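Below you'll find the structure, written out as structure tokens, and then a few comments.
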Amino acid sequence: MKENFLWGGAAAANQIEGGWDMDGKGVSTADCLTRGSLTKKREYTDGVLPGYDYPSHEASDFYHHYEEDIRLLGEMGLKCFRTSIAWTRIFPEGDEEEPNEAGLEFYDKVFEACKNAGIEPVITLSHFEMPYGLVKKYNSWLNRRTIEFFIRYCETVFRRYRDKVKYWLTFNEINFMSFHPEIGSGLRGLTQKEVYQAVHHMLLASARAVCLGHEINPDFRIGMMMAYPLSYPENCRPENVLCQIQDMDRHYYYSDVQVRGGYSAKARKFWERYGLTPSMEPGDEEELRAGCVDFIGFSYYQSNVSSVEKGKERAAGNMTGGVKNPYLKASQWGWQIDPVGLRIALNTLYDRYQKPLFIVENGLGAADQLEKDGHVHDTYRIAYLKAHIEQLKLAVEEDGVDLIGYTPWGIIDLVSAGTGEMKKRYGLIYVDKNDDGTGTGKRYPKDSFYWYQKVIASNGEDLDGQE
Ligand code: BG6
């Protein structure tokens, strides 16, 4: 791998920080999501209500542990740490004229700690959250004014951290909007037409942020971020092949705009067919064209299968799931594990866009066991990560894909976005915190921590580990 390859780890403010109302922070949409489980859906309440259990409120308490946590990440040898800024720490309600200084100071300290540990921050501007105030008062992304508020927030953090942060991502897994719009917008019960209107505003906001960021610091590298739920046709039946193309088109809808600078012909036909054409203002299309991203960030956890055949057994998964693949095993949460799929994803995205790629999430959610002696023997996680790193190396070294870095998800245990559980752990660092509120909050490096330390120190050459 090239010398400056960014081996790292990833997290997000609302899943790791806690301190949900500390130092002037406002309520974010993520603060209104209750804890769920594999069998119990998370509920999105109308604000923070008494009697509900909201896991983001304490999460892993990175807010009070960031120094220790970043020191541990440094010990692991991380070159970069992807996390997000909680918009509500900076603009608590979203529409204030002036930012909350205490919120800005918190991230000053986080980025300073990263610098001291030799870690490059990679910052998501909005990771599945926004000020709840903007949802209540303005109807979130359905309202064009939200673009203005988002840009005010971006300008504030771009200027403040101009010399501290180089890598930025606009919206986390923006393509989630087509499947769970309430996660990205805080709005429930949207019609399809409203979804695509809100999405148009988000895409414009992203494009405007890219232009603004480049103006503030031409060295900024600003990327998009999509979930990449790679799908295979179930077999060579032509209808299934077409079905796979159509399934993937739902995701390219977003990346085509953010990477190429405009809606595809297919997207326009889709609007016409279903009456979904969003209203635009003069100049919107030019703005989209001007705001192309510098790189493509994506998450990859599992692959899916597309089929027109009814009644097939289905698998769970990030976002959509799909028909079960008989060639793959699945995680405890039913996500199908497919390392070769990562090489396919890298090839497909690079062939399509010829832009640098960045794997900003990948990992295994598992119910780890903290032993009495403080060890966590997560050999299954080592096996998962090793198999995926082998494939990304092949994509780079044999297929010539331009890959900036790799940041395994939930590098420190955090709250699951899908289920709201702590129990679904991704970390290489264990956090002693349980769903019932018990636990000391203490951090314990898992076996995978020491394994990844070797991987990074050898720049991906030494992948041996106990599996
Ligand atoms: C991605 C998100 O969808 O997958 C993360 O960007 C999320 O926020 C991750 O945590 C894993 O999903 P889950 O549901 O297992 O937490």
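The values are calculated or read from the model by the stated rules, or taken from the named source; none is laboratory data. All figures in this text were calculated on a predicted structure; none of them were measured in a lab. Neighbour counts run over all protein chains shown; Cβ positions are idealised from the backbone, glycine included.
A few comments on the model shown:
- In this structure, E148 does not qualify as among the acidic types (D, E), surrounded by fewer than 23 Cβ atoms within 10 Å (Cβ to Cβ), assigned to a helix (DSSP H, G or I) and within 16 Å of the ligand (Cβ to nearest atom).
- Scan of segment 227-261 for residues that are farther than 15 Å from L203 by Cβ and assigned to a loop (DSSP other than H, G, I, E, B), ordered by number: Y228, P229, L230, E234, N235, C236, R237
- Residue in segment 447-464 that is over 30 Å from A395 (Cβ atoms), surrounded by 13 or more Cβ atoms within 10 Å (Cβ to Cβ) and not small (G, A, S) present: no
- For beta carbons closer than 7 Å, sequence separation of 6+ or different chains, a first residue in segment 205-233 that is within 30 Å of S306 (Cα to Cα) and a second that is acidic (D, E), the qualifying pairs are G223/D294; M225/E173; M226/E173; A227/E173; S231/D247.
- When residues in segment 412-467 are screened for being away from the ligand (no atom under 16 Å from the Cβ), part of a loop (DSSP other than H, G, I, E, B) and not hydrophobic (A, V, I, L, M, F, W, C), 19 of them pass.
- The single condition from (1) over 30 Å from T39 (Cβ atoms); (2) within 23 Å of the chain's Cα centre (by Cα) that V431 fails is (1).
- Single residue of segment 120-134 satisfying the filter (of a type in the set (A, V, I, L, M) and in contact with a Ser or Thr (Cβ under 6 Å, 6 or more places away or on another chain)) that is nearest to D108 (Cα to Cα): L125
- Search result, residues across segment 416-467 that are closer than 21 Å to W335 by Cβ and β-branched (V, I, T): T419
- Here is the figure for segment 355-377: residues that are within 16 Å of the ligand (Cβ to nearest atom) and touching a Gly at 6+ places or on another chain (Cβ under 9 Å) total 7.
- Restricted to helices (runs of 4 or more DSSP H) entirely inside segment 12-101, those with at least 3 residues that are at pLDDT 95 or above and within 16 Å of the ligand (Cβ to nearest atom) are 13-16.
- Single unsatisfied condition, G317 versus (1) closer than 30 Å to K2 by Cα; (2) surrounded by 21 or more Cβ atoms within 10 Å (Cβ to Cβ): (1)
- Sole residue being modelled with pLDDT of 95 or more and in contact with a Ser or Thr (Cβ under 7 Å, 6 or more places away or on another chain), chosen from Y167, Y196, Y138, Y153: Y138
- Candidates V396, V376, V360, V323: the one that is β-branched (V, I, T) and over 19 Å from V455 (Cβ atoms) is V323.
- Hits in segment 346-362 (condition: over 15 Å from Y252 (Cβ atoms) and of a type in the set (F, W, Y)): F358
- Looking only at residues of segment 203-223 that are touching a Gly at 6+ places or on another chain (Cβ under 7 Å) and assigned to a helix (DSSP H, G or I), we find that the one that is nearest to V135 (Cα to Cα) is S206.
- Out of V308, V293, V241, sole residue that is surrounded by 19 or more Cβ atoms within 10 Å (Cβ to Cβ), of a type in the set (A, V, I, L, M, F, W, C) and out of contact with any Leu (no Cβ under 6 Å at 6 or more places or on another chain): V293
- Qualifying residue in segment 379-389 (condition: closer than 17 Å to G8 by Cβ, in contact with a His (Cβ under 9 Å, 6 or more places away or on another chain) and touching a residue at least 24 places away in the same chain (Cβ under 8 Å)): no
- Look at segment 43-58: where a residue is farther than 24 Å from V431 by Cβ and touching a residue at least 60 places away in the same chain (Cβ under 8 Å) and a partner is hydroxyl-bearing (S, T, Y) and outside any loop (DSSP other than H, G, I, E, B), sitting 6+ places away or on another chain with Cβ atoms under 8 Å, you get Y44/T29; G47/Y132.
- Filter result for M177 (under 30 Å from L328 (Cα atoms) and either within 14 Å of the ligand (Cβ to nearest atom) or not in a loop (DSSP other than H, G, I, E, B) (or both)): yes
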